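Please treat every number below as a calculation from the coordinates, not as lab data. Note that this is a predicted model, so its numbers are computed, not measured. Methodologically, a virtual Cβ is constructed for each residue, glycine included, from the backbone with ideal geometry; neighbour enumeration extends over all protein chains shown.
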Amino acid sequence: MEQSGLTEEESQIVDELAQGIKQLEESWFNKTSELKSYLISPVHDAAAKGNVEGLKRIIGEGTPIDSRDAALNTPLHWSSGAGHLEAVKWLVQSKADLSLQNLLGDTALHRAVWRDQTAVVAYLVEQGIDLAALNKQGHKAIDLVRENVEIGALLQSHDSAYQEAFTHINQEADGLGDYDISNDTGEGSDGEDSE
């Protein structure tokens, strides 16, 4: 029997293809919905978007402020990495735990440094986040600084290990006397040979 110019066999093939496509779409929809709920929850979505009102509502309804996603990121990780300073401030003021690490061992500071979020880095440092925390690769947040010298300088100025190293270097340099680098004869600024 022919329909719309198709033979019965062709019509059957079209029906089978349509049924297969429908099953594939349903399967894809179910997997996508499953992944969405697994990878990111409403609180993490609000944090990633900097939606402070959404955070207030969701956390106010009982979702823990330090809820973890599948990668163990907290809302603070999401807001910090995305550079949403107001969301970060609200989370910290609401007692989000600054020390929590995700599956990679990164704190919110690691995330903010890696994503070049200068204002967030400054705020987290001001709030006393641990600058010495190591991720699973053995890196402190300062080790993740790429090209942002402002972040590097900010972290160095607050990191006691760097301050101690610079103090030691300066003390050693003080013992060298005044050396005039513009004078290439090897003589100190007092005219005597410095060797």
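Ranking of Asp69, Asp130, Asp106 by neighbouring Cβ atoms within 10 Å, starting from the fewest: Asp130, Asp69, Asp106.
Listed from fewest to most Cβ neighbours within 10 Å, the set Arg57, Arg111, Arg146 follows the order Arg146, Arg57, Arg111.
Treating each Cα of the stretch 40-157 as an identical point scatterer and summing with the Debye formula, the log10 of I(q)/I(0) at q = 0.16 Å⁻¹ comes to -0.65.
Sorted on the mean count of surrounding Cβ atoms within 10 Å across their residues, most packed first, peptides 60-68, 16-24, 147-155 read 147-155, 60-68, 16-24. Ordering Trp114, Trp78, Trp90 from the fewest to the most neighbouring beta carbons within 10 Å gives Trp114, Trp90, Trp78. Asn73 sits among other residues whose Cβ lies under 9 Å from its own Cβ, and their net charge, with Lys and Arg +1 and Asp and Glu -1, is 0.
If the viscosity is 1.306 mPa s and the temperature 10 °C, what Stokes-Einstein diffusion coefficient in µm²/s follows for the stretch 51-99 when Rh is the Kirkwood radius over Cα pairs?
Estimated via Stokes-Einstein, D reaches 148 µm²/s.
Extension gain, Leu103 to Val149, is 13.8 nm, computed as 0.36 nm per intervening residue step minus the present C-alpha separation.
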